[in-house]
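The values are calculated or read from the model by the stated rules, or taken from the named source; none is laboratory data. Keep in mind the model is a prediction, meaning the values are calculated, not measured. Cβ coordinates were reconstructed from backbone atoms using ideal geometry, including for glycine residues, and neighbour counts include every protein chain displayed. Ligands, DNA and RNA are stripped out before the accessible areas are found, and what is left, the full protein with its side chains, is counted by its heavy atoms. Shrake-Rupley method; radii C 1.70, N 1.55, O 1.52, S 1.80 Å.
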Amino acid sequence: MRRWARHLEALTRAVSGMGPSITTPESAEGGQEEGGQEAAVADEQEVQALSSSNESVPETAATANTSGEEVEPAQVALESLEQTLVRGMEVALGDLDQTAHGWIYRGHPVMVFAVDVAGVEDLNVRKEFFHRIHLASCCGALEDPAQPVWIGTAREALSAPGLEQPPHACEYCLAKVNHRGYRSLGPRDRGRVASALSFHWHVSQFADEFFSTDRASFWTPGKRPQPLHALTPEVQADSGTCGFCEWPVPSGKEWFVPVDRGVALGLAVDACILCAQQQAAGVLTLPENSALAASESRYRHWQAQVVEDNGEKVEETGERNWQRVRRQLPLDWHPLCEQLERKLAAPLLFHRFAGYEGVAVLAWPEHRRGIVASDNERDRLPEGWDFWTISGVLGSLG
């Protein structure tokens with residue numbers, strides 16, 4: 001309750017021109033705790049850019065939408081669940097399956113928005129909260145199973161009765177899930193990330209919570225999640241040259257996406273599975289081990305090409321840059337790269353050690369440090385280095 005009280009107090013200050021705040025028993029009690037003043041100051045700084053509109057939340061009409069047009073019940077009934085979720089639909093919070101970083105409704109990752117908290121007396125605060133998009137449970141108002149909420153899958157199409165303008169990202173949610181490194185950003189960059197909120201990026205970052213990752217699968221708003229092999233199953237080609245990175249994809253690995261299948265992903269050329277993941281018009285999830293094996297295989301091929309063309313190894317050229325690192329790695333490594341890029345020079349990729357079977361996905365030999373895929377990999381690497389797992393680094397970075 002204290003977390004919701006602080007949230008409510010911060011919103012109240014924002015919509016009232018930073019005037020006197022509402023004091024609740026919970027917030028009064030929290031103010032006596034150690035660090036209470038610092039928390040209040042932090043809340044005030046985080047919400048200073050919020051709207052100060054004085055209009056109240058309109059009453060909910062069952063068949064209205066933001067354009068004022070009537071939606072016939074028969075029309076809604078004829079739409080598929082996937083199509084309805086693109087625009088938005090109302091459910092109870094208890095109807096959703098909750099993950100650590102979001103919600104799922106019948107197999108679909110969803111955003112929560114248009115939450116009308118009837119218990120809030122200040123109509124300005126109530127309206128401001130109503131116009132927020134939530135990526136995760138950031139306060140007590142989003143922990144009541146009976147709370148009516150609207151859910152959707154496509155940010156640009158979200159609509160609900162009572163919305164007077166497109167809903168905006170909740171900064172508390174962005175901080176909780178650390179969307180694109182939100183916690184470490186300055187005010188200007190925080191505003192940029194909030195205005196450009198990408199639900200696609202959020203789902204990609206936590207794909208293992210939303211989808212089964214034991215096989216390649218594809219999801220996009222308006223469509224059902226499907227195994228990749230179920231898209232045009234008659235396609236037989238399992239090898240060829242990627243039209244994006246020009247890697248000759250080997251056969252027998254399920255690393256090739258022929259254009260006949262790629263069309264369903266929004267691709268117009270043959271692709272390797274890694275480029276398909278980065279270029280797809282949706283979320284293409286890959287088994288972690290298979291994706292890393294494909295990434296290393298492609299990288300070794302590129303290394304060999306550099307030696308053939310220049311007569312020297314990549315490590316000897318001194319050309320290390322983060323753009324290449326991101327391009328070579330599977331998408332689930334990109335959030336880590338995005339945060340490390342602000343702090344460290346680019347690493348070596350898939351660094352191997354003489355006499356050892358293990359590999360450091362990212363390595364900084366000058367610091368004798370590296371990042372590995374899992375704890376098991378540490379046992380196959382030399383002592384004298386400091387090896388972190390990707391999950392450990394992301395956890396330490398927030």
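Before moving on, here are some points about what is shown:
- Once the chain from R324 to R188 is taken as fully extended at 0.36 nm per residue, the excess over their C-alpha distance is 46.3 nm.
- Stretched out straight at 0.36 nm per residue, the stretch from N376 to E234 would grow longer than its current Cα-Cα span by 47.3 nm.
- Carbon + sulfur, % of accessible area of the stretch 208-248 - ligands and nucleic acids excluded, 1.4 Å: 47 percent
- Distance between the C-alpha centres of the stretch 247-274 and the stretch 105-120: 36 Å, rounded to the whole angstrom.
- Karplus-derived 3J(HN,Hα), 6.51/-1.76/1.60, for each residue of the stretch 139-146, Hz, glycine and proline x: 7, x, 5, 9, 10, 8, x, 7
- Net charge contributed by nearby residues that have their C-beta within less than 11 Å of A160 (K/R +1, D/E -1): -2
- Sequence-distant residues sharing a close amide H with T241 (under 5 Å, placed H): V249
- Förster-model FRET efficiency, 41 Å R0, A146 and H168, C-beta, rounded to 0.05: 0.95
- Mean Cβ neighbour count within 10 Å, used as a protection proxy, ranking 84-96, 273-285 highest first: 273-285, 84-96
- Under 5 Å from the amide H of I133 lie the amide H atoms of H168, A169, C170, each residue being 5 or more positions distant or on a separate chain, with H modelled from the backbone and absent for Pro and chain starts.
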